[in-house]
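Take a look at the structure set out below.
Every number in this text was worked out from the coordinates using simple rules, so none of it is lab data. Everything numeric in this text was worked out from a predicted model, so none of it was measured. Cβ: placed from backbone, ideal geometry, glycine included. Neighbour counts: every protein chain shown.
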Amino acid sequence: MTADLDTTVLILLAAAGCSDVPSIASFCSPMDAGRARCVATWSEAQASPADFCALEPQFGSITLEVCSGIDIAQLGGVDTTFTYYYDGASEHLIGIARHAPPTGTEPVAGSVPSVDQASCMTIAGAACRP
């Protein structure tokens, strides 16, 4: 009976989309060269949107959006976008997702919230490359 319960729990977790997505703290720890992998707070993101360009130099642009309860930074490339999600109240980075065809959107780190795009307003943008 216990084995059946364990199997059921695993199936339910898989169906809920649970996986081995790392925490923000472990994912954002400095890389080998000592450079950051994340912009930790929304205040930092607003102060210098171009800091995102240093995270992934091959990407072309960064856009900052304010949504209802969630703030978003989108680092865009030719066929891939990384989206950084910030809690609107605490301003802390809470999740990172990657969107690329044909796989669609996949969580990279932390918790990726559902966002009503109709509630979003672009507040800043910058080109990563001249």
For this session: Would you grab the residues whose amide H sits under 5 Å from the one on GLY95? Only those 5+ places off in sequence or on another chain, please, with H modelled 1.01 Å from N.
Result: TYR85, SER111
Exercise. Using the Karplus equation 6.51 cos²θ - 1.76 cosθ + 1.60 (θ = phi - 60°), what ³J(HN,Hα) coupling, rounded to whole Hz, does each residue of the range 89-94 give in order, writing x for Gly and Pro?
Worked result: 7, 8, 6, 7, 5, 10
Exercise. What is the set of long-range amide H partners of ILE70 at a cut-off below 5 Å, with H atoms built 1.01 Å from backbone N?
Worked result: GLY88
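Only counting other Cβ atoms within 10 Å, I'd like SER48, SER114, SER26 sorted with the fewest neighbours first. Walk me through the numbers on the way to the answer.
On the way: SER48 13, SER114 5, SER26 9.
By the 10 Å Cβ count, ascending, the order reads SER114, SER26, SER48.
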Seminar exercise, completed: With N residues in the range 21-127, Rg(alpha-carbon) / (2.2 N^0.38 Å) equals 0.99
